[in-house]
Amino acid sequence: MRLLLFITALACQTAFAFEQTIEGGSDPELGSITYIADRELVAGGTVSITASYVTGVDWMPGSAISFSEHWLQRSGLQTSSSEADGYVNLVTRIEGVQFEIGEVTREGVHGGLDSIVSVPVFRVTEGLIPAGTTLAFAIGNLTLPKIALQQFALAAYIRRNESAPFTLLTGNSLLVQAGRLERLSLRADSLAQPGEEVGLWLRLEDQFGNLAADRTVSLDLLVNGTFRNRLSVQSAVQVIRGVKFDLPGVYRIDIRSGGGGLKTTSNPILVSNRQEQILWANIGAHSNRSDGSQTFDELLDRQQGRYDLTVPADHEFDPTQQGDVVAIHDDKDSVIRFANPDGRQISAALAESPTVLKYQNPDELRLTQIVSDDSVYIWMGESVASRGYETGFIAIDHSHQYPGGSTETFTGIITLPGQTWFDALAAGQTYVSVGEMITLLVDHRALATTEVRVPGVEVIAGSPIEYIALIKNGTVIASRSEPDDSGQLFTLSVSSSSEPYSGLNSQPRNGREWIGYVATRDSPVQVAPGAGWLTRQSSHQRIDFLTRTHGDSRRLNLTLTEPTADTVLEIGLAAVVEDAAWIPVDRLPQKIAAQRFLIPLGEMQQGAVRSFGVAGYNDRLEVTPSLVAGETQTKFSYADSTSPRIGDYYYFFVRLTSGAFAYSSPVFVELNSIGISNKFQNR
């Protein structure tokens, strides 16, 4: 049985004791290990740890110990520089015993999971170490995970002799606590009726979004910018009662401290006579029963007040953790299976190890993953929809590409009166929102084979809407946006595909970095902060940047303050190597050559595109006039008069000025559909 090494958290100078009970034990011949931390462990902080290993048998040349971290928590243990973080050093000196310090490769939970990483190893080359000897190792300035954990896991692997394999040595756990209160977050019901109390959930968080300790805080509550009342908050997650609106409209709630040091704004609330509700769901996270780092209960507790619904999906079923609905990540078929208490089962197709669709039952395959952390897999949704599966799109909170990505993802589940969320999932009544909770309401669940079909959508967002597109069978057929015509505002966008090289027969292409600069010779250039970008203004006429893409595009807004007809924008890209989160069988991660582009102002004003080959793919760079920020609420529809085909599908894509975006689920053309405006029908 593969076990994580759970490290004991022992008191050091300040007597912090964080002992946890775990299942399992150790082979006595492996010995035992104890960890002592020099301070309280706080999420995102650093700590120095002493690891005391007691040998279980005599150690001889070839005996060895290696240290590694959980794949979700890798900060970089190393033995090359005592000045750098994560330095591992053997403190104990034994007369007549020599150690060789080097590296070994490790995969799996304590490696790279789907890839291989190098970890420190200490191997005896000379002498004998008697059983019962204590070897002390110092691990300096270890960077802690940003997630608070009850069972922070390092791993020691022991090799008793040259011919023996490395074996995991189990221990006890360290408690990583949340940091101090640094921010608030507020979630509201996205849809409400006049006179109905609106659900409001306030969270007290540290800088990384962990729930801070319970405390009493006095805060002001404002509605659409107008003070309403004073609140007294006593817990890290608190339901705010008594907020209701009698008149239809869109409302925003602000909560802030008296001095404004702590403040947050809710997602928009649409008050109308609509009967449906939106449940915000977090789907597919893994606990430490499989390859996650948190316990099952921690996963649920971490998302309190952030989502309406949290549905973890481990690789194995645990009968002690049954709920109304059970979800399991089935590795064999590469699907997540959901089952309700009545025994009904549905499944979701997955993208990172693409589901083999020809083996799936259309009555069960009702959902498709299109987003995971910072990766976008819309090609997977189109693959499923184009094969006739009437699917709903969802986000999965588990990624081997960008574990613990920086962007929040949400699956919106739209339920009708009297309908359970499981029934809504089974009907594909879902959509995906990334970056913020965008309300996305399509007019029809299905369209008829009429001469003209008019798919439509209503969008309510927290940030201005800059772009809406309607996609039919994978191709944009209509869009709405307004380019800036000042001649000074431009957007640099970069994109790379995440599709597998050989279709659904292999894993997706890995992500890539974009390291480069934009510069001019005659006009100062300025940059606006962009989601997912790191930038530096190295001179008035040059900006350096770093970003990553994986199936999506990243957009950076630039201002040329004094352009002339002769202005040319120079863009340079450094040579990089694709990420290696996994190793596709048909295409290894590739080196991407450096690039340099010169783009005249006139071409930028018309929209400049540069595409370059990367071992079977075409990565893309564009410079176009920036899009004018629109309203935060709008409706969009399009009359499609082309000849209909049964199985045609439409979906909407929405992007905000903040970089947040959303995908609706497909709307299918069906032979007997009558189309129900502003409502969904069960299928």
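Which of the residues that make up the stretch 492-503 are touching a helix residue (DSSP H, G or I) at 6+ places or on another chain (Cβ under 9 Å) and either modelled with pLDDT of 95 or more or crowded, with 22+ Cβ neighbours inside 10 Å (or both)?
Going through the stretch 492-503, the residues touching a helix residue (DSSP H, G or I) at 6+ places or on another chain (Cβ under 9 Å) turn out to be 497-500, 503.
S497, S498, E499, P500 - these are the residues of the stretch 492-503 that are touching a helix residue (DSSP H, G or I) at 6+ places or on another chain (Cβ under 9 Å) and either modelled with pLDDT of 95 or more or crowded, with 22+ Cβ neighbours inside 10 Å (or both).
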- the stretch 173-187 residues that are over 12 Å from V237 (Cα atoms) and touching a residue at least 40 places away in the same chain (Cβ under 8 Å), paired with ones that are open to solvent by less than 10 Å² (accessible area, probe 1.4 Å) and of a type in the set (K, R) (beta carbon under 9 Å, 6 or more apart): R183/R203
- Which pairs do you get when a residue that is polar (S, T, N, Q), found in the stretch 576-604, comes within reach of a residue that is crowded, with 19+ Cβ neighbours inside 10 Å and in a strand (DSSP E or B), reach meaning Cβ atoms under 7 angstrom, with the pair 6+ apart or on two chains? Q595/L573
- Does A593 fit the bill of being at pLDDT 95 or above, out of contact with any helix residue (DSSP H, G or I) (no Cβ under 9 Å at 6 or more places or on another chain), open to solvent by less than 40 Å² (accessible area, probe 1.4 Å) and of a type outside the set (S, T, N, Q)? no
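Being within 33 Å of the chain's Cα centre (by Cα) and either among the polar types (S, T, N, Q) or under 30 Å from I94 (Cβ atoms) (or both), is that true of even one residue in the stretch 180-191? Spell out how you get there, then give the answer.
Quick first cut of the stretch 180-191, residues within 33 Å of the chain's Cα centre (by Cα) only: 180-191.
When the remaining residues are screened for being either among the polar types (S, T, N, Q) or under 30 Å from I94 (Cβ atoms) (or both), the result is 185, 190.
Taking every residue of the stretch 180-191 in turn, at least one turns out to be within 33 Å of the chain's Cα centre (by Cα) and either among the polar types (S, T, N, Q) or under 30 Å from I94 (Cβ atoms) (or both).
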- Item | Top-ranked residue of the stretch 463-480 - restricted to ones that are within 25 Å of R548 (Cα to Cα) and in contact with a Leu (Cβ under 8 Å, 6 or more places away or on another chain), ranked as most open to solvent (accessible area, probe 1.4 Å) | V476
- Quickly run through the stretch 443-464 and pick out the residues that are hydrophobic (A, V, I, L, M, F, W, C), under 19 Å from G630 (Cβ atoms) and not in a loop (DSSP other than H, G, I, E, B). V457, V459, I460
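Quick check on S386: is it modelled with pLDDT of 95 or more, open to solvent by 20 Å² or more (accessible area, probe 1.4 Å) and hydroxyl-bearing (S, T, Y)? Let's see the steps before the verdict.
Numbers: modelled with pLDDT of 95 or more: yes; open to solvent by 20 Å² or more (accessible area, probe 1.4 Å): yes; hydroxyl-bearing (S, T, Y): yes.
So S386 fits the description; yes.
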- Query: Taking the stretch 399-419, which residues are part of a loop (DSSP other than H, G, I, E, B) and within 16 Å of Q275 (Cα to Cα)?
  - Reply: L416, P417, G418, Q419
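In the stretch 550-612, which strands (runs of 3 or more DSSP E) lie fully inside it and hold 1 or more residues that are within 25 Å of the chain's Cα centre (by Cα)?
On the way: elements: 553-560, 568-573, 595-600.
Where strands (runs of 3 or more DSSP E) fall fully within the stretch 550-612 and carry at least 1 residues being within 25 Å of the chain's Cα centre (by Cα), they are 553-560.
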- Query: Considering L573, L558, L598, which residue is open to solvent by less than 60 Å² (accessible area, probe 1.4 Å) and out of contact with any Ser or Thr (no Cβ under 8 Å at 6 or more places or on another chain)?
  - Reply: L573
- Which numbered condition trips up D291, out of (1) in a strand (DSSP E or B); (2) surrounded by 17 or more Cβ atoms within 10 Å (Cβ to Cβ)? (1)
- Note on the structure: Output for Cβ contacts, cut-off 7 Å, separation at least six or different chains, first residue over 22 Å from R445 (Cα atoms) in the stretch 647-660, second hydroxyl-bearing (S, T, Y), reads L656/S463; T657/S463; S658/S463; A660/S463
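The values are calculated or read from the model by the stated rules, or taken from the named source; none is laboratory data. These numbers come from a predicted model, not from an experiment. Because the Cβ atoms are built from the backbone with ideal geometry, glycine has one as well, and the counts that use them run over all protein chains shown. The protein model used for the area step is the full one, side chains on, heavy atoms only, and it has no ligands, DNA or RNA in it. Shrake-Rupley method; radii C 1.70, N 1.55, O 1.52, S 1.80 Å.
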